[in-house]
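Asker: Dropping the structure in here first, questions after.
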Amino acid sequence: MKKVIAILALVALTGNIASAELLKNFKYDGKIEINGFSTNNLSDTHSDLKDKTSDVNARVQINAGFDLNEDVNAVISAVRCQDQYGDSANGESAVNTAMDSFDFEQSYLNLKGVLGFDHKIGRQYYGNEGDLIVYYGPRSVHTVYATANNLSVTGLEGYTGWYKTGKLDMHAVMAKFNNGVGNQPDLDTDLVGVSAKYDLMDEVKIGAYIYEAKDYKAGTSDFTKDVVGVKAMGKFMGFDYYAELAKNYGYKGADVNYTGSAILANVKYDLDLMGKWSFMGEMARGSGDKASATKDERFTSVNTDYRPGIIWGAQLNNTGLGNATTWNLGANWTPAKVEKLTLTGKLYNFAVTEDTGLTYDRYGNELDLCANWQHSENVGLKAYYAMFMPEKDYTDAIGAFKSDDNITTLGAALTVKF
């Protein structure tokens, strides 16, 4: 396995297997994930139509790093996730074909301590999974409806700078996530931003960020979307808390301003009683558009990965907080005598923030149940069940069959780290 990873790393950076002397302090890790699931009523919320589905997705991730010299190291992430079980057309018999099936979602240089801080240049992951504003990287949500293989991975091509001193941690990003090759004027989409966090004390940590995504248009004014936000997190009287407030600025063409806003807050409390308990709750609200001619009041992120609910957020792909208000309550329990097992349950509610022009004000509720068995640090098993209960007004408005039958999902997943 190590030889295969080394070859992949060399091909990605140099294209020359003769450059093996570059592999100094070579390290690697990886993950294999298999997720099988079945759904009912996912496409039409109508039980009489018998629209059941059954799929198994697989993903392989291989991460490798090695030193080029004392100041620069290289990082490679090779990913394969483009097929499903039963898709015989994707079988391989030749080594070269198997190699070609891997995508290099990370391939960057890390310059350490140059000008007093670190620099990453190239294709890289950015942000944290589940982030409200921006995330590029592997998604571990269970599945997303209507894509060939849903364990997707997307990197970001550009530059990030990282600086840390004492209690201050900050970074900047300059990247391009769409390149309009051959188009005049240039139809690119660029991203710039700065984020900072300061650790005041255990009870309070604060953060702030500003991002700008610029979408260049042909023959009309560009879209310049800004997101400014502040965060606070910490632990107080036994409660872990997190709060975030975000605001849109910028221009959507010549005559429309972005004015949306969003707020997200959650708390968690841990308790030892016949094992380990965690009780959690979350509330989030994003503004909706009131059909103003000069304002886009719907909250807009850069590339959100906020996906509440196995069905609503993952399978139906309802991401972010644009014209959405949601809350959830949940708990997980690790029994004292079965420490490898964790049971989790969550109840979600999804509603519309601004119902201008709509015939409904709520989407529905969802119940998620999950059992995790952590066999070891490197092997984990998961079984899950979810049920989304849509509102009748909502299904009447979006569906042709005027039915509000529940959507259900049953699945199991395996994760192996190496």
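The values are calculated or read from the model by the stated rules, or taken from the named source; none is laboratory data. Because the structure is predicted, anything quoted here is derived from the model rather than measured. Virtual Cβ from ideal backbone geometry, glycine too; neighbours counted across all protein chains shown.
Asker: Evaluate the range 265-283: report whether one residue or more is in contact (Cβ under 8 Å) with a residue 60 or more places away in the chain, farther than 30 Å from LEU410 by Cβ and either out of contact with any helix residue (DSSP H, G or I) (no Cβ under 7 Å at 6 or more places or on another chain) or not in a strand (DSSP E or B) (or both).
Answerer: No; the residues of the range 265-283 include none that is in contact (Cβ under 8 Å) with a residue 60 or more places away in the chain, farther than 30 Å from LEU410 by Cβ and either out of contact with any helix residue (DSSP H, G or I) (no Cβ under 7 Å at 6 or more places or on another chain) or not in a strand (DSSP E or B) (or both).
Asker: Run TRP373 past the list (1) touching a residue at least 24 places away in the same chain (Cβ under 8 Å); (2) within 30 Å of SER261 (Cβ to Cβ) and report the number of the one that doesn't hold.
Answerer: (2)
Asker: Which members of the range 190-240 meet the condition of being of a type outside the set (A, V, I, L, M, F, W, C) and not in a strand (DSSP E or B)?
Answerer: ASP202, GLU203, TYR216, LYS217, GLY219, THR220, SER221, ASP222, GLY238
Asker: For the range 358-384, what are the residues that are of a type in the set (Lys, Arg) and closer than 27 Å to LYS290 by Cβ?
Answerer: ARG362
Asker: Ok, one more. Can you tell me which condition SER292 does not meet? The list is (1) surrounded by fewer than 17 Cβ atoms within 10 Å (Cβ to Cβ); (2) over 30 Å from ASP190 (Cβ atoms), and all the others hold.
Answerer: SER292 satisfies every listed condition except (2).
Asker: Out of everything in the range 288-314 that is more than 21 Å from the chain's Cα centre (by Cα) and of a type in the set (Gly, Ala, Ser), what residue ends up being nearest to PRO138 (Cα to Cα)?
Answerer: GLY288
Asker: Any idea which residue in the range 298-324 is farthest from ASN35 (Cα to Cα), counting only those that are free of Cβ contacts under 8 Å to residues at least 60 places away in the same chain and in a loop (DSSP other than H, G, I, E, B)?
Answerer: The selected residue is ARG298.
Asker: What residue, among those in the range 363-384 that are of a type outside the set (A, V, I, L, M, F, W, C) and surrounded by fewer than 16 Cβ atoms within 10 Å (Cβ to Cβ), is nearest to ILE62 (Cα to Cα)?
Answerer: Once the filter is applied, the top-ranked residue is ASN378.
Asker: Criterion first (within 22 Å of the chain's Cα centre (by Cα) and either among the basic types (Lys, Arg) or modelled with pLDDT under 95 (or both)) does LYS346 satisfy it?
Answerer: Yes, satisfied.
Asker: Additional query: Quick one: would you say ASN183 is over 19 Å from the mean Cα position of the chain (by Cα) and at pLDDT below 85?
Answerer: yes
Asker: Exactly one condition in (1) exposed (fewer than 15 other Cβ atoms within 10 Å of the Cβ); (2) small (Gly, Ala, Ser); (3) modelled with pLDDT of 85 or more is not met by ALA413; state its number.
Answerer: Every listed condition holds for ALA413 apart from (1).
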